[in-house]
């Protein structure tokens, strides 16, 4: 099976290791990975701040780059959610275009969702090194993609009792895109609450499927002197098991 | 659902909402009611809430089934209670409100009650005196088991989707959590609601024959 | 009413709210209780999801023909003996209610909780006309004594702890200091009982208004709804025309949606169902029942893209789940309507100029939509308001940045440059306190790019290596 990789701006800018790892996991599962070099940004920041014209521009470029792909696999939930759930409504007066965007959206998957739902991956071996691990669900993963329990299942298989679920996992980490800089005090409060729950698990690493949350959590952890905790995309942890 | 299943449902939900539901026969009524009346007159914890006339009971004037109001009146008198009711006058009924507000117990007939929500249906009407179920700190409702309906939807359907002009659904005591989310009863209405179902059997009590 | 004259600055209001740890703990404690009780209650009811769909469809029926339904309701309750008044806006509604009181020569009123009455600043208008209004919902009474506004749609005094209430009662009711909750409630009962018995006017809102039968429905737990609609000789019910439901057969379903979503109760302690004033000969109920039907922008909203906000049942479920509301409580919104539904309704009722920040008071986490009993698309409405606001401004920065981001070369170059700066030249960015950078660094370090080559370089090298 052949997929096109949606790198995401955040991975492009900050997390090359996560992206590499996800490619390695996909290839280890027999997937042929294509990387369309002309891809840019899915447009989420423009959509969420209400700048429709800019959003349309980015959606059209995205369509041009990815429309012919059999399947698109995104390395962050929020990007997959944007493409799948928020593109068609940008073009209320163009039914043909909406149809194409919706069709592309149906072929666009978040990484973990793809592994579980399309490739049918249920089993993963135990991780060679034990490490207390927890998982940040992320709002986009839970309510945009509709994915719950799958990543936790993989982590439980990899780490057994060393996987500790996070308390208040339904609660937002406080990033919210522009929210993080428009209302930084509330963002900081929610961040502190989330980090408190994380440290309560005793975890040395936090897995997530949303690179936006990851950026915010890691940066907040560093500010609070919690830099010893690793924040990483689930794919990175899976690669340590599957792609060696 | 069968009649007894509906009744069982009512009992479970009403008790969960804080109503004291009891099944008694008409013969038991004096034996069950007198101790309640006695308890109210003694200064116990919690102390009576309103400026009480401790031996004053409020009753509706109309809407009772045959003979029940008289039976209740006799038990009240035997327990040393005075009774206040809406007074029938030319042009209609009237309450002595100040006195009503000092009654320590309201005893009302409740023709219908709803299983799905554990609710008493209290329609208003001339002499029906629903304030007797609202102002005193203890409210005792009396019903027959056959008055149990599945729920509000059925109650409405039975009436052809019409309503009495004014009615209240009462479920348990008056309550609030407005101070520190601490649940307290008896805010404006009764702190205690009792429901005696005459001529029925308590579905939550295990029977002797299993 | 819009609470202040200047535009609402949510960030400013939120800063002190976030810093107030006592407030935050109180808000989250009560919100948590409501959330868990709602969850338990809903789990018990098979078919709740279908009921939500049903509720939405019935409300769509009303909002699709709002003025028609308002007229049907008005005619029916008028036929039952009520006096109906239509109020185009808040000022008119307040004036109508005040006129009624003045014509009766009334000076005392008791009031059962009504957000609509807050919306039209009814208490203030009546006070000015010489009518003393006593709030009778315990939480509303507490904040009335404190001179404050409600901070939660269901539990108005959620931000006050027992000690604060005890102090208020000691000061205003003369009760001993430091009373426990039970004693405080008893003290309130006694005082308010006297007001109920003496009041010339009872003012209520309505949770539902049934068009088919001309019926008002009040949902309370305390019994103040019953007292207010039974004891005073005159009742004024003030409600927005969005409270209407089509048929009496709709009532059971809507009661279920409301009470389970609000507090997790199967039903509230009291549901008061009124179709007209007392009949001659009856000993309870008002002689005169006035119904004030408020538009205040609702009929316009019903025809626009935010129509479903009119479906709101005022249950508070969205508030209880909202991370922003939970962090700051209701007062930071400086509006009658707070939390996710208030973010949307406040700018729509009072204008974007008055409430420019509320569409941003949202991380788009989506928990509100999950909880809403009638499936109002609240996150979508937040974004729609942001679109409206953006359309009102010059967009050159957004347009320019989109042009760059949509161009593969420019996008790669910009990201590459940013990556270099973050990795090696942090100093250029450090120490800024203004703008986006300043906001980011209030609670976070600058992001660190991962070590090693960027992904694109790695991919290119891999491709070349395999050739």
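FYI, it's all coordinate maths here, none of it is from the lab. Everything quoted here is computed from the prediction, not taken from an experiment. Don't worry about glycine lacking a Cβ; one is built from the backbone with ideal geometry, like all the others, and counts go over all protein chains shown.
Hey, what did segment C:302-432 get for relative contact order, percent, Cα under 8 Å, at least 6 apart? Intermediate results must be reported in sequence, preceding the final value.
Working: 106 pairs, mean separation 26.3, N = 131.
That works out to 20 percent.
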Among the Cα-Cα pairs of segment C:319-419, the proportion with separation greater than 17 Å, in percent, is 59
Segment C:336-359 and segment C:202-241: distance between their alpha carbon centers, rounded to Å: 27
Among B:160, B:73, B:18, which one shows the highest mean-square fluctuation when chain B is modelled as a Gaussian network with alpha-carbon springs under 10 Å? B:160
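Got the relative contact order for chain C handy, in percent, Cα pairs under 8 Å and 6 or more residues apart? Walk me through the numbers on the way to the answer.
On the way: 763 pairs, mean separation 101.0, N = 467.
Reported as a whole number, the value is 22 percent.
Grab the alpha carbons of chain A, take their convex hull, and tell me the volume per residue in Å³. Mind dumping the intermediate values first?
Values: hull volume 27.9 nm³, N = 244.
Hull volume over Cα atoms, normalised by residue count, gives 114 Å³.
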Note down the nm distance, to one decimal, between modelled labels 7 Å out along Cα→Cβ at residue A:167 and at residue B:41. 5.4
So for the pair residue C:410, residue C:32, with labels modelled 7 Å out along Cα→Cβ, what separation do we get in nm? 4.9
Quick calc: nm separation of the 7 Å Cα→Cβ label points for residue C:12 and residue C:49 -> 4.6
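Sort C:401, C:269, A:212 by Cβ crowding within 10 Å, fewest neighbours at the top.
On the way: C:401 16, C:269 29, A:212 24.
If I rank by nearby Cβ atoms, fewest first, I get C:401, A:212, C:269.
If we count other beta carbons within 10 Å of each Cβ, what is the order of A:81, C:357, C:343, fewest first? It would help to have the intermediate numbers written out before the result.
Working: A:81 26, C:357 23, C:343 30.
Lowest to highest Cβ neighbour count: C:357, A:81, C:343.
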Of all the C-alpha pairs in the protein assembly as shown, what % are more than 50 Å from each other? 29
If the viscosity is 1.567 mPa s and the temperature 4 °C, what Stokes-Einstein diffusion coefficient in µm²/s follows for chain C when Rh is the Kirkwood radius over Cα pairs? 53
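What FRET efficiency would be calculated for the residue pair residue C:299, residue A:71, taking the C-beta separation as r and a Förster radius of 35 Å, to the nearest 0.05? List each step's numbers first, then the result.
Working: r = 47 Å, r/R0 = 1.36.
Result of the calculation: an efficiency of 0.15.
Taking 0.36 nm per residue of sequence separation and subtracting the Cα-Cα distance, how much length would be gained by fully extending the chain between residue C:75 and residue C:172, in nm to one decimal?
30.6 nm
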Computed Rg/Rh for segment A:204-244 (Cα atoms; Rh = Kirkwood radius) stands at 1.04
Under the definition of Cα pairs under 8 Å and six or more residues apart, what whole-number percent is the relative contact order of chain A? 22
Just how far, in whole angstrom, is segment C:243-317 from segment C:428-460 if you go by their alpha carbon centroids? 52
Assertion target for B:28, C:295, C:20, ordered by fewest C-beta neighbours within 10 angstrom first, is B:28, C:20, C:295
Just to be sure I understand: with springs between alpha-carbon atoms less than 10 Å apart, which residue in A:88, A:80, A:219 has the highest mean-square fluctuation in the Gaussian network model of chain A? A:219
Kindly provide the pair-distance distribution of segment B:3-197 built from C-alpha pairs, with 5 Å bins from 0 and whole-percent values in order of increasing distance. 1, 7, 16, 20, 21, 17, 11, 5, 1, 0
Sum of -39500 (n - 2.57) over DSSP H runs of 4+, divided by residues of the protein assembly as shown (222 nm, nearest 500): -13000 deg cm²/dmol
Segment A:193-237 and segment C:57-92: distance between their alpha carbon centers, rounded to Å: 53
Using a Förster distance of 56 angstrom, determine the FRET efficiency expected from the C-beta separation of residue C:161 and residue B:111, and round it to 0.05. 0.80
Using the Cα gyration tensor of segment C:404-463, with a ≥ b ≥ c the square roots of its eigenvalues, what is the shape: rounded (a/c below 1.5), prolate (a/b larger than b/c) or oblate (neither)? prolate
Among A:137, A:18, A:148: highest mean-square fluctuation, GNM of chain A, C-alpha pairs under 10 Å: A:148
Given segment C:1-60, report the % of alpha carbon pairs whose separation exceeds 13 Å. 76
